[in-house]
Amino acid sequence: MSNNSINPERLLGRLTELGNIGRDGGGQLVRLAATDSEKLGRDKFVSWIEQAGLELAVDRIGNIFGIWKPIGVADEAPLMLGSHIDTVINAGIYDGCYGVLSGLEVIETLLEAGFEPSRPIVVAAFTNEEGVRYAPDMMGSLVYAGGLDVEIALATVGTDGSALGSELQRIGYDGKHEPGFMRPHAYIELHIEQGPVLEREGVQIGAVENLQGISWQRVTIEGDANHAGTTPISMRRDAGYVAARVIIFLRDRAKNSNTPTVATVGCMEFQPNAINVIPSRAAFTVDLRDPDESRLRQEEAALASFLEELEQQEGVSIKVERLARFEPVQFDRNIVEMIEGAAKSGGHSCRRMTSGAGHDAQMIARIAPAAMIFVPSIGGISHNPRENTPDADLIAGANMLLDVVRQLTAKAR
């Protein structure tokens, strides 16, 4: 094995092995944060950290760290690599896991090559990135960066009524370190794109220069339940109809804009939810995203104004609850340029791009220079068992990460 490249068999084998942990009786991969199945994934990752001879650390929010701390540079701020290993329901095997296992692979490759870094190098697996069981998503990295109090996070009640802190304790991952105990010198996250751009354009590497702002809201519309056959349309206070108008408004506004704004209604519930009863209540989520903060605020304001109009027009009452709000992130220009240079020197095509999805990198960017590397996703599919990236692209991305890590940790001559 060349000292200039990672071990492909080891990386790909671990991706497959971790991808088989947490499958249910129907073969679906479900490894939600702090569940028994995620414990098994955590245990496997920890075993690989220990096999590599790295120092293991777990903080109070359950973030796992494998630390390479060479003699003579142990007191320097570390270069941190990583992502997450929790999944959505019926997931693919690459989202998050690819970044974690590639980070570990890079460290092992450098160790085996006898490389002497100028600072420690750390691989991190952050807790509850997906946010399926506990909200908000990207929780572990948000707490680590100081954006959410650890006690509040640990007290979070999940969709199944469990408390995160109790579940971390139950599975043995309630660590003793305070979140943020290592302030990174820089952070790099390698990830599949989770979108179609790289594949569509035939580009091998994405140098991610920014990340979209995210606005999550829950809208609740209160009307009147009444008989579906006897109540004239003009006399209805129909919460379901009003909800439909909001969905159409959001879609049309995004579609007719020349900006990258996107809008999604992902969850919806009606009450009383009967075929022959006009809905008295509609509750749904709105996900707005844009890489420009001013435009994101404009979209939030446009939605608020439209909801006010609907209240007057349809005689309903509407309440809005803020679920999460993250401003757009600009990644470190120097690291982005370094990624571009590494791709060029490796003979790979590369383009700068925006991440439409949220990632742990956007949280760690609050406390350290950060950037991301993307590799193509076939068909742009993610959060799905059909999520796939060719082995050659997975290997190329890990080697890009290796090259950038070498540059960021090389000792001055």
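The values are calculated or read from the model by the stated rules, or taken from the named source; none is laboratory data. Predicted model, so just to flag it, every value in this text is computed and none were measured. Note: ideal-geometry Cβ built from the backbone for every residue, glycine included; neighbour counts use all protein chains shown. These accessible areas exclude ligands, DNA and RNA; they are computed on the full protein's heavy atoms, side chains included. Shrake-Rupley method; radii C 1.70, N 1.55, O 1.52, S 1.80 Å.
If a residue has to be assigned to a loop (DSSP other than H, G, I, E, B) and surrounded by fewer than 20 Cβ atoms within 10 Å (Cβ to Cβ) to count, how many in region 133-157 make the cut? Full working, then the answer.
Kept after step one, since they are assigned to a loop (DSSP other than H, G, I, E, B), are these residues of region 133-157: 133-138, 145-149, 155-156.
Next, from what is left, pick out any that are surrounded by fewer than 20 Cβ atoms within 10 Å (Cβ to Cβ): 135-136, 146-147, 149, 155-156.
Looking only at that region, the number is 7.
Kindly indicate whether any position in region 302-314 is surrounded by 15 or more Cβ atoms within 10 Å (Cβ to Cβ), at pLDDT below 95 and closer than 28 Å to Y134 by Cβ.
No, that holds for no residue.
Filter region 374-404 down to the residues that are more than 18 Å from R351 (Cα to Cα), part of a helix (DSSP H, G or I) and charged (D, E, K, R) and list them by number.
Answer for region 374-404, where residues must be more than 18 Å from R351 (Cα to Cα), part of a helix (DSSP H, G or I) and charged (D, E, K, R): just D391.
Of everything in region 318-336, what is touching a residue at least 40 places away in the same chain (Cβ under 8 Å) and either open to solvent by less than 60 Å² (accessible area, probe 1.4 Å) or more than 30 Å from S280 (Cα to Cα) (or both)? Give them in sequence order.
Within region 318-336, the first condition is being touching a residue at least 40 places away in the same chain (Cβ under 8 Å), and the residues that meet it are 318-333, 335-336.
If the condition is that a residue be touching a residue at least 40 places away in the same chain (Cβ under 8 Å) and either open to solvent by less than 60 Å² (accessible area, probe 1.4 Å) or more than 30 Å from S280 (Cα to Cα) (or both), then I318, A324, F326, E327, P328, V329, Q330, F331, D332, R333, I335, V336 are the ones that fit.
Please work out if R183 is modelled with pLDDT of 95 or more, assigned to a helix (DSSP H, G or I) and open to solvent by 30 Å² or more (accessible area, probe 1.4 Å).
Numbers: modelled with pLDDT of 95 or more: yes; assigned to a helix (DSSP H, G or I): no; open to solvent by 30 Å² or more (accessible area, probe 1.4 Å): yes.
Judged against the criteria, R183 is not a match.
Looking for whichever is buried (at least 16 other Cβ atoms within 10 Å of the Cβ) and touching a Leu at 6+ places or on another chain (Cβ under 9 Å) here; the options are D391, D360. Which one fits? Show your work before the answer.
On the way: D391 fails: buried (at least 16 other Cβ atoms within 10 Å of the Cβ).
Matching residue, one of D391, D360: D360.
Give just the number: which of (1) more than 28 Å from A57 (Cβ to Cβ); (2) over 15 Å from the mean Cα position of the chain (by Cα); (3) open to solvent by 10 Å² or more (accessible area, probe 1.4 Å) does N210 not satisfy?
Failing condition for N210: (2).
Do we find a residue being open to solvent by less than 70 Å² (accessible area, probe 1.4 Å), of a type in the set (D, E, K, R) and touching a helix residue (DSSP H, G or I) at 6+ places or on another chain (Cβ under 9 Å) anywhere in region 251-266?
No, region 251-266 contains no residue that is open to solvent by less than 70 Å² (accessible area, probe 1.4 Å), of a type in the set (D, E, K, R) and touching a helix residue (DSSP H, G or I) at 6+ places or on another chain (Cβ under 9 Å).
Spot the failing condition for R297; the list is (1) closer than 21 Å to S355 by Cβ; (2) open to solvent by less than 70 Å² (accessible area, probe 1.4 Å); (3) among the basic types (K, R), and only one is missed.
(2)
Only one of (1) out of contact with any Asp or Glu (no Cβ under 9 Å at 6 or more places or on another chain); (2) touching a residue at least 40 places away in the same chain (Cβ under 8 Å) fails for L198. Which number is that?
The failed condition is (1).
Step by step: first the residues of region 19-76, then only those that are of a type in the set (V, I, T) and in a helix (DSSP H, G or I), then the one that is surrounded by the fewest Cβ atoms within 10 Å (Cβ to Cβ). Which residue is that?
Here is the first cut: in region 19-76, the ones of a type in the set (V, I, T) are 21, 30, 35, 46, 49, 58, 61, 64, 67, 71, 73.
From the residues that got through so far, the ones that are in a helix (DSSP H, G or I) too are 46, 49.
Values: V46: 17, I49: 22.
By that ranking, first place goes to V46.
Residues G315, G356, G346, G341: which one is at positive phi and either of a type in the set (G, A, S) or in contact (Cβ under 8 Å) with a residue 12 or more places away in the chain (or both)?
On the way: G356 fails: at positive phi; G346 fails: at positive phi; G341 fails: at positive phi.
Going through G315, G356, G346, G341 in turn, the sole match is G315.
When you scan region 221-230, do you find a residue that is open to solvent by less than 60 Å² (accessible area, probe 1.4 Å), in a strand (DSSP E or B) and outside the structural domain of V336 (by the TED database), even just one?
Step one: filter region 221-230 for residues open to solvent by less than 60 Å² (accessible area, probe 1.4 Å), giving 221-223, 225, 228.
Now drop any that are not in a strand (DSSP E or B), which leaves 221-222.
Okay, now just the ones that are also outside the structural domain of V336 (by the TED database), so 221-222.
Looking for residues that are open to solvent by less than 60 Å² (accessible area, probe 1.4 Å), in a strand (DSSP E or B) and outside the structural domain of V336 (by the TED database), one finds at least one in region 221-230, hence yes.
Which condition does S345 not pass, out of (1) closer than 30 Å to A398 by Cβ; (2) at pLDDT 95 or above, if it passes all the others?
The number of the failed condition is (2).
Could you list all residues from region 107-132 that are open to solvent by less than 20 Å² (accessible area, probe 1.4 Å), on the phi < 0 side of the Ramachandran plot and under 21 Å from the mean Cα position of the chain (by Cα)?
Correct list: V122, V123, A124, A125, F126, T127, E129.
As an exercise: evaluate Y241 against (1) in contact (Cβ under 8 Å) with a residue 24 or more places away in the chain; (2) open to solvent by less than 70 Å² (accessible area, probe 1.4 Å) and give the number of the one condition it does not meet.
(2)
Tell me, please, whether a residue that is farther than 20 Å from I373 by Cα, over 22 Å from the mean Cα position of the chain (by Cα) and either of a type outside the set (K, R) or surrounded by fewer than 24 Cβ atoms within 10 Å (Cβ to Cβ) (or both) can be found in region 81-90.
no
Quick one: count up the residues across region 317-339 that are under 30 Å from G223 (Cα atoms) and touching an Asp or Glu at 6+ places or on another chain (Cβ under 7 Å). Can you show your working first?
In the first step, residues of region 317-339 are kept if they are under 30 Å from G223 (Cα atoms); the result is 317-325.
With touching an Asp or Glu at 6+ places or on another chain (Cβ under 7 Å) added as a condition, the list becomes 317-318.
Of the residues in that region, 2 qualify.
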